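A.B. asks: Sharing a structure here in structure tokens format.
Only the coordinates and a few stated rules stand behind these numbers; no lab work does. Just so it is clear, the model here is predicted, and its values are computed rather than measured. Glycine also receives a Cβ, built like all others from the backbone with ideal geometry; neighbour counts cover every protein chain displayed.
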Amino acid sequence: MPLPDEQLDSLKNDDVKTKSGFNSKILVMGIPVFIIQLVAVYFITANILMKKIESRAAGEGKGNQAGQVSDSTGKQQKVELGKYIYSIDDIIVNPAGTDGKRLLLASVGIDLKQDAMINDLKTREALVKDVIISTLSSKDVDQLNSTTYRDTLKTEISGQLVHLIPSVGINTIYFSKFILQ
């Protein structure tokens, strides 16, 4: 049964209003819900997550800065940093990808756990220099220019030395010179 013209016109007008008109329910309900979610996320990150991150960073930083190192059992041991340092001066390398046009001059200090370990490194000086030279020359200029990447270099050199000379206990590695030209 066909609808009268008046009902057809009213149906067409309703369709037009809903399709082209602005739905005020979205505005009234959506924006306050969105704002509440933003506030909740802010308070969760600021009060819960950031405190956890800061406490972890403070705990790790405090242990390392005070000269304490965890052993395999998890106990803290007092370590005197800088007491036994084996120094290798003026290593010159060409960084990767420079075709010999750039140079890196570095002096490396290896902080050891015991005095007797200095003699172990002296007898294997060629091996120690080779590890340092190969590690530094395998990096490109962008990596060597990055001050944050130097910690990665120290860790890499230390790991390779411990792998090659297991009897040597290394506390940390220092760069006393690091000049890139």
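A.B. asks: Taking just the alpha carbons, could you work out the radius of gyration and Dmax for region 80-180, both in angstroms?
C.D. replies: Gyration radius and largest Cα-Cα distance of region 80-180: 13.3, 42 Å.
A.B. asks: Which FRET efficiency value, to the nearest 0.05, is calculated for E156 and I53 with the Förster distance at 30 angstrom and r the Cβ-Cβ distance?
C.D. replies: 0.70
A.B. asks: Let me ask you something else. Pulled fully out, how much extra length does the chain show between T148 and A46, if you take 0.36 nm times their separation in residues and subtract their Cα-Cα distance?
C.D. replies: 34.1 nm
A.B. asks: If you don't mind, another one. List the pairs from K101/K154; K129/K177; K83/K139 whose alpha-carbon separation is above 20 Å, in the order I gave them.
C.D. replies: K101/K154; K83/K139
A.B. asks: Counting other beta carbons within 10 Å of each residue's own, what order do K52, K83, K154 fall into, fewest first?
C.D. replies: Exposure proxy ranking, most exposed first: K52, K83, K154.
A.B. asks: Relative to a virtual label point 7 Å from the Cα of S134 in the Cα→beta-carbon direction, which members of region 103-128 show backbone nitrogen distances below 17 Å?
C.D. replies: 124-128
A.B. asks: Test of understanding: what is the full-extension gain from S176 to A116, defined as 0.36 nm times their sequence separation minus their Cα-Cα distance?
C.D. replies: Full-extension gain reported as 19.4 nm.
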